[in-house]
Amino acid sequence: MILSGLSVIHFGASLVAALAYALSAGLGHRLPHTTASRLFVLSWLAHGAALLSGLHTDQGVPRFGFAPALSAMAWLVILIYVLENHWYPQFRTRWTLFGLSALTVVLAVIFPGNPLHAQTSLLLPLHWTLGIAAYGLFAAAVFHAWLLRRAERLLRMAAPTDETPPLLTLERLTFRLVWLGFVLLTLTLLVGWGFSDQIYGPQFAFKWDHKTILSVLSWLTFAYLLWGRHRLGWRGQKALNVLYLGSGLLLLAYVGSRFVLEILLHRAS
């Protein structure tokens, strides 16, 4: 049975998070502001507890996979969005984010990932943290890019909206997230390349596999985007298309490869 190996804490926290997110997505706009805020805090804290409790099996063996990676990415995206909503009150709560987050929590329960081999080191949590943070920042940048394009379309249709900050502010926020994500992605790759044998064991030292190639391609794509914006003044759809391309490559690098290994090939590595 899929759920038999999960701890009670992990399953309970996941259930609370998924239900609270679903209620926020479906009923949040009808609830009083204070009630909606408390419901969100409950869902976000329960989501974090589910992530932490799901990093190990009942026997204490570290595990990870494509679904926990998506769940962690969603958790970080919501944190970034809420912080921005505090700094820029023009943002309105996006119930779609809560619905997608509920989905990632459920996926992480159904597909909790595979146990890792016994030779992993203390550097592994650092590698994970950097990688997940980079994923979350680029996911937030993609979400901002979608908001930017939506605001531009509404403006051209003479139907301006007060749900987002001014276009220039939103554009600056998008590329700040890209810059931060690029720095963290660079650190992730450097740690992975420089300490791969310590992190995963000598038999898993650095090699040019599909995950590495896709990660490097995504890094090059983001570097190209930042260069084009700095030197050539890229803006608008061209810059956003490059952002989407780099984010897609990065998503395939880990989430896509782990999905194939875990679900299609039923392999741990």
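The values are calculated or read from the model by the stated rules, or taken from the named source; none is laboratory data. Since the structure is predicted, the reported quantities are computational estimates derived from the model, not experimental observations. Cβ coordinates were reconstructed from backbone atoms using ideal geometry, including for glycine residues, and neighbour counts include every protein chain displayed. For accessibility, only protein heavy atoms count, side chains too; no ligands or nucleic acids. Shrake-Rupley method; radii C 1.70, N 1.55, O 1.52, S 1.80 Å.
The table below lists the values:
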{"read-out": "Cα→Cβ-extended label distance, 7 Å offset, between HIS33 and ARG149, nm", "value": "3.2 nm"}
{"read-out": "Point-to-point label distance, GLN59-ASP209, nm (Cα→Cβ direction, 7 Å offset)", "value": "2.1 nm"}
{"read-out": "TRP95, TRP227, reordered so the largest accessible area comes first (probe 1.4 Å)", "value": "TRP227, TRP95"}
{"read-out": "Accessible solvent surface per residue of the stretch 19-63, calculated while the other protein chains remain in place, 1.4 angstrom probe, Å²", "value": "57 Å²"}
{"read-out": "Ranking by accessible area, most exposed first, for TRP128, TRP146, TRP219 with a 1.4 Å probe", "value": "TRP146, TRP219, TRP128"}
{"read-out": "Residue-level accessible surface for ILE9, protein heavy atoms, 1.4 Å, Å²", "value": "120 Å²"}
{"read-out": "Spin-label pair LYS238/TRP179, simplified geometry with 7 Å Cα→Cβ offset, distance in nm", "value": "2.1 nm"}
{"read-out": "Accessible-area value, TYR135, 1.4 Å probe, nucleic acids and ligands omitted, Å²", "value": "30 Å²"}
{"read-out": "Whole-Hz couplings from phi, Karplus 6.51/-1.76/1.60, listed for the stretch 172-187; x for Gly and Pro", "value": "4, 4, 4, 7, 5, 5, 4, 4, 4, x, 5, 4, 5, 5, 4, 5"}
{"read-out": "Exposure rank, largest accessible area first [GLU152, GLU84; 1.4 Å]", "value": "GLU152, GLU84"}
{"read-out": "Area accessible to solvent at MET157, 1.4 Å probe radius, in Å²", "value": "140 Å²"}
{"read-out": "Under-5 Å amide H pairs with PHE64, H placed in peptide plane, nonlocal only", "value": "ASN114, LEU116"}
